[in-house]
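Nothing in this text is a laboratory measurement; each read-out follows from the coordinates by a stated rule. All figures in this text were calculated on a predicted structure; none of them were measured in a lab. With ideal geometry, Cβ positions are generated from the backbone for all residues, glycine too; neighbour counts draw on all protein chains shown.
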Amino acid sequence: MTEKYILKCPDCGRRIPDRYTNVCPEGCTGLIRAYYQKTHLQIQNYLGVFRFSDWLPIEGNLPSDAGPVTYKSETFAKELGLSNLYISFSGYWPERGAHIESCSFKELEALPTTVRMREKGNGILQISSAGNTGRAFCQVSALTGAPVVVVVPESSVDRLWTTAPTKNVCLITVEGDYTDSIEFGNTVCTIPDIVAEGGARNVARRDGMGTVMLDGAITAGRLPDSYFQAVGSGTGGIAAWEAAMRLIGDGRFGAILPRLHLAQNEPFAPMTNAWKDGRREIIPDKDMPDASRTVNQVYSNVLTNRHPPYSVRGGVYDALSATGGTMDSITNAQAAEAEQHFVDAEDIDIDPAASVCVASLIKAVEADAVGKDDCILLNITGGGYKRVAEDKNQYPVEPSFRVKGGAPIDEIRRDIESWANTHARRNYA
Ligand SMILES: Cc1ncc(COP(=O)(O)O)c(C=O)c1O
């Protein structure tokens with residue numbers, strides 16, 4: 001291999017040229033994966049996530065110090081009786097060197113994705129989000145000037161802010177939930193020059209998230225025995241598995257895949273239900289009955305994806321199978337209690353999704369599902385909201401368009417087209 005990386009389809013094995021390609025041109029459904037020329041990871045002399053450029057599907061980088069930060073826990077670990085608990089924190093906590101100002105690991109996806117579009121694509125990224133992913137892409141747009149179209153439920157609009165002013169964001173709010181924003185986002189992508197970011201299918205997104213596992217293994221000096229994360233789409237779990245396979249190939253971090261412990265939030269836990277039933281398929285009536293009501297009853301609504309990449313080849317089911325993984329579901333009360341416990345011990349506020357993850361660790365410890373001396377990587381996927389508000393200005397992102405209940409895109413198509421025409425060809429950093 002002479003190129004830095006190649007893309008391959010897991011279904012037909014075909015090698016795919018990267019033109020910001022997220023699906024196999026043969027029509028296969030599996031998740032395309034990136035294979036890197038360097039099997040030995042060398043930390044690059046950049047800041048943040050770009051330190052791991054060897055294993056990111058990009059050539060360049062961005063001047064950002066946002067990246068995952070891993071440290072060995074003392075207080076919380078002691079309270080749980082764990083001797084080897086590593087916390088990977090993706091958020092804002094400058095005292096620990098954590099500088100993700102949009103406060104979640106979604107910025108680890110947004111940074112390399114923006115570079116990949118600049119290098120391999122030729123369009124404006126479109127992102128549908130329950131809030132955190134949208135905010136991450138707005139933040140990267142504020143940093144680089146890259147144009148983005150973000151679609152969120154109206155109720156999430158307060159989550160859309162940046163720490164620098166944005167000039168190239170087209171924010172569209174829709175009446176409804178996360179699924180409604182995904183559906184409207186798909187129609188927005190029928191407009192020329194607007195390109196779906198790709199979600200779990202986007203290798204830059206997965207490998208950006210996979211840097212949590214890389215940073216964790218480098219800090220601990222080995223692959224962890226267990227990895228804990230709260231999931232909505234499960235992309236972070238898939239990414240952790242893929243990164244762990246690369247680390248095994250590197251040879252310096254051990255030869256055993258970490259066991260994935262993924263958690264969802266009751267009463268919306270379709271992947272947990274399917275996995276516990278031993279199924280590769282999610283059966284909507286069985287695994288997420290009354291979804292439009294239950295998605296509004298959870299502690300963390302970023303975990304309410306109704307179409308997760310669970311069954312597809314290279315998806316969550318395969319990641320769990322390969323790692324001997326587990327799936328748990330956490331009640332709102334367990335999440336709230338775990339959050340308080342974590343905040344008191346570690347002294348930083350965390351995202352509700354991270355609280356779900358902390359609760360799943362506590363349950364696993366209580367059930368002896370992990371050993372007291374196991375090397376454990378706890379992915380705190382978001383936090384530091386209070387901390388960032390103390391240090392930084394926060395600029396709300398104002399909606400450009402507000403779409404009322406099920407209104408067709410035709411009413412605003414021309415306006416979005418003209419926005420795209422004025423923004424598509426602007427250069428950005
Ligand atoms: C803070 C936070 N944690 C966890 C998740 C779940 O991530 P995944 O897409 O890997 O399931 C999300 C999704 O938006 C999130 O915002």
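Based on Cα contacts under 8 Å between residues 6+ apart, the stretch 126-216 shows a relative contact order of 29 percent. Go ahead and set up a Gaussian network model of the chain, Cα springs under 10 Å, then flag whichever of Pro399, Pro352, Pro258 fluctuates most. Ranking Pro399, Pro352, Pro258 by mean-square fluctuation puts Pro399 first. Toward the positive end of the charge dipole of the stretch 197-297, about the Cα centre and with charges on Cβ (Lys, Arg +1; Asp, Glu -1), which of Trp241, Gly251, Asn296 goes farthest? Result: Gly251. Remark on the chain: hydrodynamic radius 21.5 angstrom, per the Kirkwood mean of 1/r across alpha carbon pairs.
Residue by residue, the stretch 174-185 carries 3J(HN,Hα) couplings of 10, 6, x, 10, 4, 5, 5, 5, 5, 5, 5, x Hz when phi is fed to the Karplus relation 6.51 cos²θ - 1.76 cosθ + 1.60 (θ = phi - 60°); x denotes Gly or Pro. Of all DSSP beta bridges confined to the chain, the antiparallel ones make up roughly 35%. Taking the Cα centre of the stretch 43-122 as origin and assigning +1 to Lys and Arg Cβ atoms and -1 to Asp and Glu Cβ atoms, the resulting dipole is close to 120 debye.
Relative contact order for the chain: 20 percent, from Cα pairs under 8 Å spaced at least 6 residues apart, divided by residue count. Between the listed residues Leu62, Ser104, Ala77, the Cα displaced farthest toward the positive end of the dipole of the stretch 54-133, a dipole computed from Cβ unit charges relative to the Cα centre, is found at Ser104. Rounded to the nearest 20, the Cβ-based charge dipole of the stretch 321-429 about its Cα centre (Lys and Arg +1, Asp and Glu -1) stands at 820 debye.
For the chain, the dipole from Cβ point charges (+1 on Lys and Arg, -1 on Asp and Glu) about the Cα centre works out to 1380 debye, to the nearest 20. Packing order of peptides 301-309, 228-236, highest average first: 228-236, 301-309 (average count of other Cβ atoms within 10 Å over each peptide's residues). When the chain is treated as a GNM with alpha-carbon contacts under 10 Å, the residue of Gly384, Gly405, Gly131 showing the greatest mean-square fluctuation is Gly405. So which aspartates and glutamates pass the test for Lys106, namely a Cα distance under 15 Å, with those fewer than 8 places away in the same chain ruled out? In chain and number order, the partners are Asp65, Glu197, Asp207, Asp351.
I need the Debye-formula profile for the stretch 1-84: one equal scatterer per C-alpha, no solvent, reported as log10 I(q)/I(0) at q = 0.19, 0.25 1/Å, two decimals. Result of the Debye calculation: -0.89, -1.14.
The residue list Pro408, Ala274, Gly232 was ranked by how far each Cα lies along the charge dipole of the chain toward its positive end, using unit charges on Cβ atoms, and Pro408 comes out on top. Pick from Asn45, Asn265, Asn379 the residue whose mean-square fluctuation is largest in a GNM of the chain, springs joining Cα atoms under 10 Å. It is Asn45. Phi-derived couplings, Karplus 6.51 cos²θ - 1.76 cosθ + 1.60 at θ = phi - 60°, listed residue by residue for the stretch 143-155: 6, 10, x, 4, x, 9, 10, 10, 10, 9, x, 3, 5 Hz, with x used for Gly and Pro. Full extension of the chain segment joining Lys392 with Thr2 gains 136.1 nm, where the gain is 0.36 nm per residue of separation less the Cα-Cα distance. Here the extension length gained between Ser292 and Gln37 equals 87.3 nm, from 0.36 nm per residue of separation less the Cα-Cα distance. With the largest listed first and rounded to whole Å, the semi-axes of the equivalent ellipsoid of the stretch 219-301 from the Cα gyration tensor are 31, 13, 9.
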